[in-house]
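For reference, the structure is listed below as structure tokens.
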């Protein structure tokens, strides 16, 4: 038997037996995206913020102190500034010209929620196999995806 993976623009809603597919994508907000209709999503999501750079600013520090994923990437006006992957989970770079700019924080997930485990309490780090899954289909709320996403807004500090 081959595994089946559904791809497309949809979300999942918990049901008495597993999940129901709902059309459309949610407006993802800071927080765990597995609780926003994307429990098995593997990929990346960009969170966009408008900032107003004051005059006299030479550099800035953009921090994403609370994110869950493999890494985060920081963009300014669509241009990659660099990755955030290690403590203190921030990036310093020269600042753009004064005025309004768009910061993007792209959180890149890993494959854990796509491939499992889905059950087992806090034992996500242990070996897991389909043979240890429940015998009968369980309610979607019994699945235990691992938190993914930008869990709080980024912090922008202007350096003079």
- If only one of 12, 4 is without any contact (Cβ under 8 Å) to a residue 12 or more places away in the chain and under 21 Å from residue 137 (Cα atoms), which one is it? 4
- Query: In region 28-64, which residues are over 16 Å from residue 14 (Cα atoms) and either free of Cβ contacts under 8 Å to residues at least 12 places away in the same chain or assigned to a loop (DSSP other than H, G, I, E, B) (or both)?
  - Reply: 28, 29, 30, 31, 42, 43, 54, 55, 56, 57, 58, 64
- Query: How many residues does region 1-42 hold that are surrounded by 12 or more Cβ atoms within 10 Å (Cβ to Cβ) and at positive phi?
  - Reply: 3
- For residue 114, which of the numbered conditions (1) in a loop (DSSP other than H, G, I, E, B); (2) modelled with pLDDT under 95; (3) surrounded by fewer than 17 Cβ atoms within 10 Å (Cβ to Cβ) fails to hold? (1)
- Top-ranked residue of region 131-145 - restricted to ones that are loosely packed, with under 12 Cβ neighbours inside 10 Å and assigned to a loop (DSSP other than H, G, I, E, B), ranked as modelled with the lowest pLDDT: 134
- Message: Here is a check on your reading of the model: is residue 81 surrounded by 11 or more Cβ atoms within 10 Å (Cβ to Cβ), within 30 Å of residue 16 (Cα to Cα), in contact with a strand residue (DSSP E or B) (Cβ under 9 Å, 6 or more places away or on another chain) and at pLDDT 95 or above?
- Response: no
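The values are calculated or read from the model by the stated rules, or taken from the named source; none is laboratory data. In this text the structure is predicted, and so the values were computed from the model without any measurement. Ideal geometry is used to build each Cβ from the backbone, glycine not excepted, and the neighbour counts take in all protein chains shown.
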